1. Would you check if B:I272 is farther than 23 Å from B:P423 by Cα, surrounded by 15 or more Cβ atoms within 10 Å (Cβ to Cβ) and at pLDDT below 95?
2. Does B:N261 satisfy the criteria of being at pLDDT 95 or above, more than 14 Å from every other protein chain (Cβ to nearest Cβ), in contact with a helix residue (DSSP H, G or I) (Cβ under 9 Å, 6 or more places away or on another chain) and outside any loop (DSSP other than H, G, I, E, B)?
3. Picking from A:D167, A:D154, which residue would you name as being modelled with pLDDT of 95 or more and either within 14 Å of chain B (Cβ to nearest Cβ) or closer than 23 Å to A:V244 by Cα (or both)?
4. Take the conditions under 16 Å from B:D36 (Cβ atoms) and of a type outside the set (G, A, S) and apply them to B:N206. Does it pass?
5. Mind checking which strands (runs of 3 or more DSSP E) fall wholly inside the range B:61-122 and carry at least 3 residues that are within 12 Å of the chain's Cα centre (by Cα)?
6. Given (1) in contact with a helix residue (DSSP H, G or I) (Cβ under 9 Å, 6 or more places away or on another chain); (2) small (G, A, S); (3) assigned to a strand (DSSP E or B), where does A:G189 come up short, assuming only one miss?
7. Does the range B:106-122 contain at least one residue that is surrounded by fewer than 20 Cβ atoms within 10 Å (Cβ to Cβ), closer than 30 Å to B:V203 by Cβ and in contact with an Asp or Glu (Cβ under 6 Å, 6 or more places away or on another chain)?
8. Tell me, yes or no, whether the range B:72-90 has at least one residue that is without any contact (Cβ under 8 Å) to a residue 60 or more places away in the chain and surrounded by fewer than 24 Cβ atoms within 10 Å (Cβ to Cβ).
Amino acid sequence: MKTMKKIIFMAFTALLFAACSSDDDTVETEIVPEAFAEGIFVTNEGPFNNGSGNITFISEDYSTVAQNIFRNVNGKELGNIVQSMGFTEDNAYIVVSNSHKIEIANRYSFESIDSITTGLDNPRYFVSVAGNKGYVTNWGDPIDNTDDYLAVLDLRNNTISATIPVDFGPERLLEANNKIYVAHQGGYGQNNKISVISGNSVESIITVGDVPNSMVVMGNTLYVLCGGMPDYTGTETAGSIVKVDLGTNQVMETFTFGTTEHPSSLTMDGSNLFYNLDGKVYKVSTASINLPGTAIIDGNFYTLQAKNGLLYAADAKNYASQGSLLIYDIATNQQLEEFQTGIVPGGIYFNE
Amino acid sequence: MEKNWLHIFFMVFLCTASAFAQLDSIQQLPEVVLTDSKLIHFSKGYKVEKIADSIIERNALSLTEILRYNSSIYFKENGFGMVSSPSFRGTNAAQTAVIWNGININSVFTGQTDFSTVSPLNYSEISIRSGGGGVQYGSGAVGGSVHLNNGFTFQKIDTTHIGIRYGSFSTFGGNMSTTQTWGDHYLNVGVDFISSENDYSYVNKNKKNNHGQFLRFTAKVNEARRMKHGVATWNSEYSYNDRNFSGSLNTIGKDAYQDINTRNLWQLQQKIGRMDLKGSFAHLFEKYTYFPNSQKPHGTGGNAHTFMGGMQAEVLFAENIRINGKAEYTFVEAEGDNVGSNTRKTLAAVLLLNHKLSGKFTYGINFRKEFLNDFDNPFLFSADAKYKVTTNYALRMNGSKNYRVPTFNDLFWNAGGNKELQPETSYQVEVGQEFMFRKVRADVAAYYISSENLIKWVPGNGGVWQPENISNTRNYGIEAQLGYSLRLNPAHLLDFSANYSYTKAEDLETEKQLIYVPFHKIMGTLDYNFNRFSFYFQGLFNGEAFTTTDNSDIVASYSVFNLGAQYTLPANANVTFGGRLKNVFNVYYESVSYRPMPSRNFEIFLNFNI
């Protein structure tokens, strides 16, 4: 199996080489399908402080696994702590938090297009709107709770067109109904807000449970998973799932976990929500939320992503060695595949 | 690959080599009595290497560099002058004890000493003791210990040293010390500083070290007073470090660190009949502040006071049996933004015995028991022996049980600190052989260390990291040293020394080599002295080391060479000047992954001895 993988990888690298060296040969570029057209990206944070993160690609048919694709295509490293990635129709925006930058590459060839290196301070997550505008959450100085902001990017010239000061600890964000919902997980501390951004200003702030760490949209409802205040804060609070009406931006309902339960990594498939809690993956139906739901898979995963009947789970192992991506069938809860990734796999994305 | 490193080995062996004969013109101090006598009397079966004064003078800026080029200790350094942590025989930084005048000075918070914060100047002696020293020196003396000793004498001395240095990257240094004796008094006072812009370029990377500025200031006072039946001594030092921390190849340095350490030791020695009694009291203070952003005033920090009181009695029976009994009480009081306010009390009882059976054979047996700790009180023991087989050949052996107690960070860090932690324990044995044949000196040592319950921070549920006693390791290796000096004629002296170490350190669960432990390290120095002129060429080969626990990634091996020369004025033997060129071949190298070390650079100095 190992040798097989090696051969495939070598063949793949050779293919890449061919693809790269024929930039000006338009005929061939049209014929050769783009290297990363269909498959799974895993962003690997990389070792903290002393190294570079990278991106692993696994083709949709699992036939090729390519490590370190950005460097292999472009001959340069991504930088320190590859936090996350976001997309437009053509491009991938790779947020490199500790290098305070965003690397922009073509999402299908992974050829570098540009990078944004000024105006970002501990950037975390990226989302694009209407193909020409992007929002990036920034912590600023991690121990200064007053300098956190959203950078608004003009994606036509890859510059920062505006900054929006926000409450502290902005983390994940998503776009719904032309508005941006920013979860304030709280950086190295804890917060309990969702900022609703319209254009270049904060339209409203929704108070949710403590430590909103992940969210998904289903129909006109935003589901926010809140981890709760951890034990070490001295004021431990329970985790919760908060339903927000996207029409009114009001909290509709809050479902609470046990006081010592601190869930993370909310994802959804069909009408089911999935999340991580105490070394297990739980499934809960949005039709009748009954916490904690059903434990379906054992494993302490760094992040989860569900899609089309499959659950993708990243195992960061001891955070100082190569991690892996596991793929489970949600119908049977059986593991289908396991692929090696880079160090600290923290984000799972799809190209199709 | 195998051949490749052999090749390099021989190249280094042939081209270079260490240790150096003291330049004759420098005034020789009378023999001093060290404040820590344990190192001499109760370490017979251990390898104890004294670093020559000339080596310290030539590396006056950095203790890390002294040890990197002259011992088998491997150092990780986050760029020049940045945090520098040792690995002694493949153990980690907290398992290397730094002993100041017999007292363990590793940080209460981290359990380590950052070697960049220690000035190598103005000690009577810097020594390296290989192997476990838990019985004598307490927690953390697992792989070995580095000893910074002061001494005293009542012979007539009146000397003053002044040195000034200048080097690349706007590096300035200065030191001044004076030693005086009069009647029953001995007094030594010294100050030194170094400040550097440290903005070296990263070789071939088109980048600079823009945020690595540092300043170190140290002051030391050592005093002794002879009394009717004994001696009273006071050793004191103060050090201040202010550093910006360098970024890495792909991060911009932003953070900064300030620390202050003070150390004071008062001892009273009395001779009563055949018994030497020594009462001692010590106070250590450490304070640090970490600034995530050097431009902003927000910082987090901590400070700790350590008070030690001890009483020891030493008796020499029949000229060949030496027994030393000691009781020592330690009280630590520490507070910090992340560790709260906590104390620790320890009472240790130590019994040391050395028996010189004959002129050829000597052995020692030692015990230590601690009380009052909150964890299982370790009982430590060690035994050592040395056998001089012939005048040219000696064998030494030692075995010991050692330990390391959890640090205050391990126990109380918020979040994650684990109050249930137990001390790490470790067993080790060593066999060494020493050869002396005319001008050739050689030493070959083999050791084996088995460590249990090593404290490791691991991710727990909910993303909070916690330290646990979970890791078990096994280290073994060999260390070989060779020295050779050749006097070509009365005016020409050639001195060569080389060092090789092989270190295998593996995690017993994964059977992988521990991170940042290179298998191979080779050093060598070739010294050439001609009248008042001296010249040296120094080289280091540091083998590749793994940076991930699954050994999937490495920090590359490197070879670095330095060249130095100095000249003592014929008209006035008290003035010496010289310089050195470091990283002669301008190679790119990292001792920590993505943390480049300096490009080619120079340093010049001017020393006065009055």
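The values are calculated or read from the model by the stated rules, or taken from the named source; none is laboratory data. Note that the structure is a prediction, hence the values are computed from the model and not measured. Neighbour counts run over all protein chains shown; Cβ positions are idealised from the backbone, glycine included.
1. Against the criterion (farther than 23 Å from B:P423 by Cα, surrounded by 15 or more Cβ atoms within 10 Å (Cβ to Cβ) and at pLDDT below 95), B:I272 does not qualify.
2. In short, yes.
3. Details: A:D154 fails: either within 14 Å of chain B (Cβ to nearest Cβ) or closer than 23 Å to A:V244 by Cα (or both).
Exactly one residue qualifies, and that residue is A:D167.
4. Here the answer is no, as B:N206 does not meet what is asked.
5. B:84-87, B:96-100
6. Of the numbered conditions (1) in contact with a helix residue (DSSP H, G or I) (Cβ under 9 Å, 6 or more places away or on another chain); (2) small (G, A, S); (3) assigned to a strand (DSSP E or B), the odd one out for A:G189 is (3).
7. Scanning the range B:106-122 turns up no residue that is surrounded by fewer than 20 Cβ atoms within 10 Å (Cβ to Cβ), closer than 30 Å to B:V203 by Cβ and in contact with an Asp or Glu (Cβ under 6 Å, 6 or more places away or on another chain).
8. yes
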